[in-house]
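Q: This structure is in structure tokens; I'll ask about it shortly.
The values are calculated or read from the model by the stated rules, or taken from the named source; none is laboratory data. In this text, all values refer to a predicted model and were calculated from it rather than measured experimentally. Here the Cβ positions follow ideal geometry from the backbone for every residue, glycine too, while neighbour counts run over all protein chains shown.
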Amino acid sequence: MTAMDRVWAEQAVQMELTSGLLPCPFEVGVWPGRAGVRFGWTLEAPGGPEASTAEICFRLADLVDRIPICLCQVHGDTIVDADRVQPVDISSPPVGDGLMSAGRRLLMGVSIADCAPVFLASRGGVAVLHAGWRGVAGRILPGALELIERLWGVSPSDVELILGPCIGPCCFEVSAAVAALFPEHVRRRHRTGWHVDLPGTLLDQWLSSGGAAQRFMRLDRCTVCGTPLMYSHRRAPNRGRNFAFMYRLESDQASPA
């Protein structure tokens, strides 16, 4: 069990979250050391999805009294400054694969189904990224750190990251062409194809961009073979998507030790 596993388990038990509030079960946690920052994701619904991730976003935002914002995702590296986006209806979200906000009025989220949900927190604000292999190859995480430094004046070494459940190197088989986009030490031959370590690549990019190793936290759960079950495109194509979300309360000062 990793440190992130322990933090998550403690929060999940304390919150006693169950299915019933939404059409699908979900997990939510308190950011370690930042009592006002919440993050989480939905799980696979028994019998299949009853609502789209956009509908989940709007319903979850209503539960916590926040303004919802989600994305029309394109598997790229564009990050949207959510504070500059006018509230939109469910049918016309902004295009991109990341959201960032310095305010406290929004619930932001991305759809995932094996791609990595990346949560970022700092004194300047918070951000959530959808990081699939295209986004990781396009360096969406270093791009987010650059934006945080430029817009909020926060150095990468002062940003904190939580990497949520995603496809692990155990199950992420890709073509030779895709594998070639990644460094040799995060790829390996597997039978007739290649396996790539997406979380390991994100850690490399974090460190090379100035992020601090002790501020990188990972929930080590593969969406393909781990539990509890999450929607996985590899395991069951087109069955559904998980919604990874993040929001802030009125204060997110560090909690006492």
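Q: With the structure loaded, tell me whether Phe39 is aromatic (Phe, Trp, Tyr), at pLDDT 85 or above and within 19 Å of Ala131 (Cβ to Cβ) or whether it fails that test. Steps first, answer last, please.
A: On the way: aromatic (Phe, Trp, Tyr): yes; at pLDDT 85 or above: yes; within 19 Å of Ala131 (Cβ to Cβ): yes.
It is true that Phe39 is aromatic (Phe, Trp, Tyr), at pLDDT 85 or above and within 19 Å of Ala131 (Cβ to Cβ).
Q: Among the residues of the range 167-206 satisfying the criterion of being of a type in the set (Gly, Ala, Ser), free of Cβ contacts under 8 Å to residues at least 40 places away in the same chain and in a loop (DSSP other than H, G, I, E, B), which is farthest from Leu229 (Cα to Cα)? Full working, then the answer.
A: Within the range 167-206, the first condition is being of a type in the set (Gly, Ala, Ser), and the residues that meet it are 168, 175-177, 179-180, 193, 200.
Next cut, free of Cβ contacts under 8 Å to residues at least 40 places away in the same chain only: 175-177, 179-180, 193, 200.
Now narrow it down to the ones that are in a loop (DSSP other than H, G, I, E, B): 175, 180.
On the way: Ser175: 26, Ala180: 30 Å.
Here the residue is Ala180.
Q: Restricting to the range 37-68, name every residue that is surrounded by 20 or more Cβ atoms within 10 Å (Cβ to Cβ) and in a strand (DSSP E or B).
A: Answer for the range 37-68, where residues must be surrounded by 20 or more Cβ atoms within 10 Å (Cβ to Cβ) and in a strand (DSSP E or B): Val37, Arg38, Phe39, Gly40, Trp41, Thr42, Pro68.
Q: For the range 207-227, enumerate the residues that are part of a loop (DSSP other than H, G, I, E, B), of a type in the set (Ser, Thr, Tyr) and more than 15 Å from the chain's Cα centre (by Cα). Full working, then the answer.
A: Going residue by residue through the range 207-227, those that are part of a loop (DSSP other than H, G, I, E, B) are 209-212, 219-221, 223-227.
This time we only want the ones that are of a type in the set (Ser, Thr, Tyr), so: 209, 223, 227.
Once the filter is applied, which keeps residues that are part of a loop (DSSP other than H, G, I, E, B), of a type in the set (Ser, Thr, Tyr) and more than 15 Å from the chain's Cα centre (by Cα), the range 207-227 yields Ser209, Thr227.
Q: How about the range 79-88: which of its residues are at pLDDT 95 or above and either acidic (Asp, Glu) or part of a loop (DSSP other than H, G, I, E, B) (or both)?
A: Residue satisfying the conditions is Asp81 alone.
Q: Moving on. Under the condition of being touching a strand residue (DSSP E or B) at 6+ places or on another chain (Cβ under 6 Å) and assigned to a loop (DSSP other than H, G, I, E, B), which residue from the range 228-253 is modelled with the lowest pLDDT? Give the steps one after another, and end with the answer.
A: We begin by selecting, within the range 228-253, every residue touching a strand residue (DSSP E or B) at 6+ places or on another chain (Cβ under 6 Å); these are 230-231, 241-249, 251-252.
After this cut, where a residue has to be assigned to a loop (DSSP other than H, G, I, E, B) as well, the list is 230-231, 241, 249, 251-252.
On the way: Met230: 89, Tyr231: 93, Arg241: 91, Leu249: 92, Ser251: 69, Asp252: 59.
The residue in question is Asp252.
Q: Hey, can you tell me all the residues within the range 236-249 that are charged (D, E, K, R) and free of Cβ contacts under 8 Å to residues at least 60 places away in the same chain? Break it down into steps so the answer makes sense when it comes.
A: So in the range 236-249, the residues charged (D, E, K, R) come out as 239, 241, 248.
Those that are charged (D, E, K, R) and free of Cβ contacts under 8 Å to residues at least 60 places away in the same chain: none in the range 236-249.
Q: Still on this model: Here are the criteria: (1) in contact with a Lys or Arg (Cβ under 8 Å, 6 or more places away or on another chain); (2) at pLDDT 90 or above; (3) under 30 Å from Val196 (Cα atoms); (4) buried (at least 20 other Cβ atoms within 10 Å of the Cβ). Tell me which single one Gly76 does not satisfy.
A: So Gly76 meets the others, but not (4).
Q: Can you say whether Val13 is under 17 Å from the mean Cα position of the chain (by Cα) and at pLDDT below 85, as far as the supplied structure shows? First the steps, then the outcome.
A: On the way: under 17 Å from the mean Cα position of the chain (by Cα): no; at pLDDT below 85: yes.
Criteria not met by Val13.
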